[in-house]
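Inspection log for the structure reproduced underneath, given as structure tokens.
The values are calculated or read from the model by the stated rules, or taken from the named source; none is laboratory data. Remember, it's a predicted structure, so these values are computed and weren't measured experimentally. Quick reminder, even Gly has a Cβ in these numbers, built from the backbone with ideal geometry, and neighbours come from all protein chains shown. Remember, those area values only see protein heavy atoms, side chains included, never the ligands or the DNA or RNA. Shrake-Rupley method; radii C 1.70, N 1.55, O 1.52, S 1.80 Å.
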Amino acid sequence: MSDPGLLPLHGLGGAPRIAIPKTGELPLGREPGGSGVKIADRRCSRRHAAVFRRGNDWLVKDLGSKNGTWVNGQRVTEAALQRGDNLRIGHAEFAFSSEDEAFRCASCLETLMMAPADMPFCTECRRTFPLLGQTLGQRRLVRGLGTGSFGSVYVGHHRGTPYVAVKVLHVEFTETPDVVMKFLKEAYATSGLEHENIVRFGDSGHESGHWYILLEYFPSQSLKEVLEERRFLPVDEVAAIARQVLGALEYAHGQRLLHRDIKPGNILIDENARVKVVDFGLAKRLVDSAFTSHTTTGMPGTPLFMAPELLNGGKATFAADIYSSAATLFRMLTGRHPIEARKLNEWLQAIQTQVPPTAQSLRPEIPDKVSAALDRALDKNPAKRPATITEFRRDLGM
């Protein structure tokens, strides 16, 4: 079998397979020097990484880059490369394989397959994300992130520009005006918001029969995924996350914008513990509070984290976001929801009548001040909660 090389999957404009020298190193970066692989990408360091041979093994090592070297979706300092592996340097991705040899699907990074470099996706990914490889908003859709009832989210890429998240409305809804307007609400709500803890809006449009929204791409995992793995988090870690989430909401509220669906699934955390709040699809501008919380399709938000007054058709106010934030912090600190029931109808009754246990009674190491602040923010009566996110942060001591 021939020695493996690097097959560019995207990010280098269709360059041919790159041979790896049997002696010495193959450097990769913006200015790698010599016969290195030049990657015109501001996320790439000047000398970002190097591939080399050691005995019978092929390895990649990071050269102290800012944004990391990634093998099969995992950040590495030095790692042995196996045939079929996916190597990412900045925006550029490569398959480590020989000619006519299977490599990993560039979307799921799991399935080994035979495919041309311009369509490096397995059958399952192409079925789940049918637009992979196509272009919307001048971005080629290079990875599927997730799919739901109304749309799918892709990673979009254009050479020399940052990755973006591309939300695409399912094609069966493109001729339904009410659904299209609800889909585009996130674009309208977040346009102009500039905060380090809020995913930025890029653009929206209609192209090739598809409605789409371009958003900042933030490689991360959701707080929901973190809690599914770890159940609850240390107090100091919760405080670091809370400061960023509450800072984002403080800014949004200052712009008279309510989120209306704060929950672990809408909080993203990267490997450096940076946090961004996403999914303003239910957000509303607060105009004299002259709107109700309900849409024509029923209750907004996610019931487990939703303020009780919204279940009765009450008006959405800052107090609802404060309740949802407190319910999220309670879940992070204790490993359970403030209100628990086995069935939805039981929970709908319990949230109106059941007083949550104190967080400190569930985990004694939670400080008195934090436990008391959560009690206040989870009050059934919105008027008894902190008046603003700023006041809630002061109560928490964060």
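Based on this model, can you work out whether Ser35 counts as under 25 Å from the mean Cα position of the chain (by Cα) and assigned to a loop (DSSP other than H, G, I, E, B)?
On the way: under 25 Å from the mean Cα position of the chain (by Cα): no; assigned to a loop (DSSP other than H, G, I, E, B): yes.
Answer is no for this residue.
Just give me the residues in segment 120-145 being in a loop (DSSP other than H, G, I, E, B) and either in contact with a helix residue (DSSP H, G or I) (Cβ under 8 Å, 6 or more places away or on another chain) or more than 25 Å from Val60 (Cβ to Cβ) (or both), in sequence order.
First pass over segment 120-145, keeping only residues in a loop (DSSP other than H, G, I, E, B): 120-122, 129-134, 137-138.
Selection gives Phe129, Pro130, Leu131, Leu132, Gly133, Gln134, Gly137, Gln138.
For the structure I just gave you, tell me whether Tyr212 is out of contact with any Ser or Thr (no Cβ under 8 Å at 6 or more places or on another chain) and within 16 Å of Phe201 (Cα to Cα).
On the way: out of contact with any Ser or Thr (no Cβ under 8 Å at 6 or more places or on another chain): no; within 16 Å of Phe201 (Cα to Cα): yes.
The answer is no for Tyr212.
Of all residues being closer than 19 Å to Asn266 by Cβ and assigned to a loop (DSSP other than H, G, I, E, B) in segment 167-193, which is modelled with the highest pLDDT? Just the residue, please.
By that ranking, first place goes to Leu193.
Here is a list: Glu110, Glu99, Glu93. Which entry is acidic (Asp, Glu), touching a residue at least 40 places away in the same chain (Cβ under 8 Å) and within 30 Å of Phe150 (Cα to Cα)?
Working: Glu110 fails: touching a residue at least 40 places away in the same chain (Cβ under 8 Å); Glu99 fails: within 30 Å of Phe150 (Cα to Cα).
From the options Glu110, Glu99, Glu93, the qualifying one is Glu93.
Go through (1) more than 27 Å from His170 (Cβ to Cβ); (2) at pLDDT below 95; (3) of a type in the set (Gly, Ala, Ser) and name the single condition Ser107 misses.
Among (1) more than 27 Å from His170 (Cβ to Cβ); (2) at pLDDT below 95; (3) of a type in the set (Gly, Ala, Ser), Ser107 violates only (1).
Within segment 218-257, can you find the residues that are at pLDDT 95 or above, open to solvent by 30 Å² or more (accessible area, probe 1.4 Å) and not in a helix (DSSP H, G or I)?
Once the filter is applied, which keeps residues that are at pLDDT 95 or above, open to solvent by 30 Å² or more (accessible area, probe 1.4 Å) and not in a helix (DSSP H, G or I), segment 218-257 yields Phe232, Pro234.
Would you be able to say whether some residue in segment 43-53 is within 30 Å of Phe218 (Cα to Cα), open to solvent by less than 20 Å² (accessible area, probe 1.4 Å) and in a loop (DSSP other than H, G, I, E, B)?
So far as segment 43-53 goes, yes, one or more of its residues are within 30 Å of Phe218 (Cα to Cα), open to solvent by less than 20 Å² (accessible area, probe 1.4 Å) and in a loop (DSSP other than H, G, I, E, B).
Is one or more of the residues making up segment 173-180 within 16 Å of the chain's Cα centre (by Cα) and either closer than 24 Å to Pro219 by Cβ or surrounded by 16 or more Cβ atoms within 10 Å (Cβ to Cβ) (or both)? So that I can check it myself, show each step before the final result.
First pass over segment 173-180, keeping only residues within 16 Å of the chain's Cα centre (by Cα): none.
Scanning segment 173-180 turns up no residue that is within 16 Å of the chain's Cα centre (by Cα) and either closer than 24 Å to Pro219 by Cβ or surrounded by 16 or more Cβ atoms within 10 Å (Cβ to Cβ) (or both).
How about segment 60-85: which of its residues are under 16 Å from Val37 (Cα atoms) and either open to solvent by less than 20 Å² (accessible area, probe 1.4 Å) or touching a His at 6+ places or on another chain (Cβ under 8 Å) (or both)?
Scanning segment 60-85 gives Val60, Asp62, Leu63, Ser65, Thr69.
State all residues of segment 364-398 that are touching a helix residue (DSSP H, G or I) at 6+ places or on another chain (Cβ under 9 Å), assigned to a loop (DSSP other than H, G, I, E, B), open to solvent by 60 Å² or more (accessible area, probe 1.4 Å) and over 20 Å from Ala307 (Cβ atoms); if no residue qualifies, say none.
Correct list: Glu365 only.
Got at least one residue in segment 20-35 being surrounded by 15 or more Cβ atoms within 10 Å (Cβ to Cβ) and either modelled with pLDDT under 90 or of a type in the set (Ser, Thr, Tyr) (or both)? Let's see the steps before the verdict.
As a first pass, look at segment 20-35 and keep what is surrounded by 15 or more Cβ atoms within 10 Å (Cβ to Cβ): 20, 25-30, 32.
Those still in the list that are either modelled with pLDDT under 90 or of a type in the set (Ser, Thr, Tyr) (or both) too: none.
Checked segment 20-35: no residue is surrounded by 15 or more Cβ atoms within 10 Å (Cβ to Cβ) and either modelled with pLDDT under 90 or of a type in the set (Ser, Thr, Tyr) (or both).
What are the residue pairs meeting all of these: first residue in segment 370-389, first residue over 18 Å from Ala242 (Cα atoms), second residue of a type in the set (Asp, Glu), Cβ atoms under 7 Å, and 6 or more apart or on different chains?
Pro382/Glu309
Filter segment 86-109 down to residues that are out of contact with any helix residue (DSSP H, G or I) (no Cβ under 9 Å at 6 or more places or on another chain) and assigned to a loop (DSSP other than H, G, I, E, B) and give me whichever is surrounded by the most Cβ atoms within 10 Å (Cβ to Cβ).
Kept after step one, since they are out of contact with any helix residue (DSSP H, G or I) (no Cβ under 9 Å at 6 or more places or on another chain), are these residues of segment 86-109: 86-104, 109.
Now narrow it down to the ones that are assigned to a loop (DSSP other than H, G, I, E, B): 90-91, 98-102, 109.
Numbers: Gly90: 26, His91: 23, Ser98: 16, Glu99: 10, Asp100: 7, Glu101: 17, Ala102: 14, Leu109: 18.
Per the stated criteria, the residue is Gly90.
Kindly establish whether Pro357 is assigned to a loop (DSSP other than H, G, I, E, B), buried (at least 19 other Cβ atoms within 10 Å of the Cβ), modelled with pLDDT of 95 or more and not basic (Lys, Arg). Before the answer, list the steps.
Values: assigned to a loop (DSSP other than H, G, I, E, B): yes; buried (at least 19 other Cβ atoms within 10 Å of the Cβ): no; modelled with pLDDT of 95 or more: yes; not basic (Lys, Arg): yes.
Here the answer is no, as Pro357 does not meet what is asked.
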